[in-house]
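Shown next, in C-alpha cells, is the structure this report addresses.
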C-alpha cells in the first residue's frame, strides 16, 4: 500500500464509507425496533470491547487480542464490513502469534469505532435507505 493510500485510510473518505447500510439493513431485517436495539448494543458493548482490546494489545497478550477481536468482529460486521474485517484480521494475526502489526490495527480500529458510534447515534431505517441508494 502506498503512503498516500495509507494516509487516506484515516481520512474522511474512509470514515464516510465506514457505515455499511446494506449490512445494517440486513442485520435489523428492516425493523426499526431491532435497529434501535442493535445501535444500543453497539453503544454499550463497543467501548468496553475496545478497552479490553487496547489493554490486551498493550500487554502483548495474543490470547486476549484474539478473543476480544473475535467478539468485536461479530459486533462490527452488523454495521461495517470494513471495521469487521479489521477486527477479523486482528484475530487472525493474534492467533498466529504475529503481534507486531496488531498495535497499528488496534489504533485504526479505535478510530473506526469512534466514528461508528457517532454515525449510529440517530440512525433510522429511512436514513439507511437514503445511504443505500446513494452508495449504489
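What follows draws every value from the coordinates through simple rules; no lab data is involved. Here the structure is a predicted model, which is why all the values come from computation and not from measurement.
Across 37, 99, 75, mean-square fluctuation computed from a Gaussian network of the chain (C-alpha pairs under 10 Å connected) peaks at 37. Annotation: average projected area of the stretch 21-135 is 6.5 square nanometres, based on the convex hull of Cα atoms across all directions.
Mean-square fluctuations from a GNM of the chain, with a 10 angstrom spring cutoff on Cα atoms, peak among 114, 69, 100 at 100. Mean separation of Cα pairs under 8 Å and 6 or more residues apart, divided by the residue count, gives the chain a relative contact order of 31 percent.
For the residues 64, 84, 41, a GNM of the chain with alpha-carbon springs under 10 Å puts the largest fluctuation on 41. Between the Cα long axis of helix 125-135 and the first principal axis of the chain there is an angle of about 70°, rounded to the nearest 10. Taking the longest Cα principal axis of the chain as reference, the axis of helix 81-95 is set at about 20 degrees.
Which percent of the Cα-Cα distances in the stretch 83-136 go past 17 Å?
Numbers: 748 of 1431 pairs.
Cα-Cα pairs of the stretch 83-136 separated by over 17 Å account for 52 percent.
Against the chain, whose longest principal axis is taken from its Cα atoms, helix 102-119 shows a tilt of about 20°.
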